[in-house]
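What follows is a single structure, written as structure tokens, with notes after it.
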Amino acid sequence: MSKIRFKTKNLYLFFLFVEILISIVVQGLSDRSFSLITLINHLSVVSLLSLNLGLIIFIIQGGFFDGMTYSFKRVARAFRKKQLGEQEAEAPLAEMKHREGSQRWPITWPLILSSLVLFVTTVLISLAL
């Protein structure tokens, strides 16, 4: 159990480091001169993009699209049965993918939370300036 926490803590620090490194590289490649304000702007954009990526991973892993696919199949089956003049039939629940527990990739929460912390920090720093 302690190994899992240690690895998770390393992932939080890893994502923070990667986001800061990407921001510095983008800052170096941009035409503007290196300043604190532009670095904060780049940090906020990179952290917001990382937050969006983490939330997309979170939604896909949650099975949201599996439920939508199942619903579309039910509606299509109902229309098909009505066109053929048959009785209304329910789609079997076996078509719905059931996920065991709330198993998520180990990068999901560290990516979301580290990006959120970095974004909130950049917003607070920009308000203070």
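The values are calculated or read from the model by the stated rules, or taken from the named source; none is laboratory data. Just so you know, these numbers come straight off a predicted model, no measurement behind them. With ideal geometry, Cβ positions are generated from the backbone for all residues, glycine too; neighbour counts draw on all protein chains shown.
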TODO: With respect to Val46, determine if the residue is more than 16 Å from Phe119 (Cβ to Cβ), at pLDDT 75 or above and outside any loop (DSSP other than H, G, I, E, B).
DONE: no
TODO: Determine whether segment 48-71 contains at least one residue that is surrounded by 14 or more Cβ atoms within 10 Å (Cβ to Cβ), within 16 Å of Thr122 (Cα to Cα) and touching a Leu at 6+ places or on another chain (Cβ under 8 Å).
DONE: yes
Task: Filtered residue count, segment 6-40, keeping only those that are part of a helix (DSSP H, G or I) and either of a type in the set (Ser, Thr, Tyr) or over 26 Å from the mean Cα position of the chain (by Cα) (or both) - done: 8
TODO: Collect the residues in segment 100-129 that are outside any helix (DSSP H, G or I) and modelled with pLDDT of 55 or more, keeping them in residue-number order.
DONE: Glu100, Ser102, Gln103, Arg104, Trp105, Pro106, Ile107, Leu129
TODO: State whether one or more residues within segment 61-81 are modelled with pLDDT under 85, charged (D, E, K, R) and either part of a loop (DSSP other than H, G, I, E, B) or closer than 30 Å to Leu129 by Cβ (or both).
DONE: no
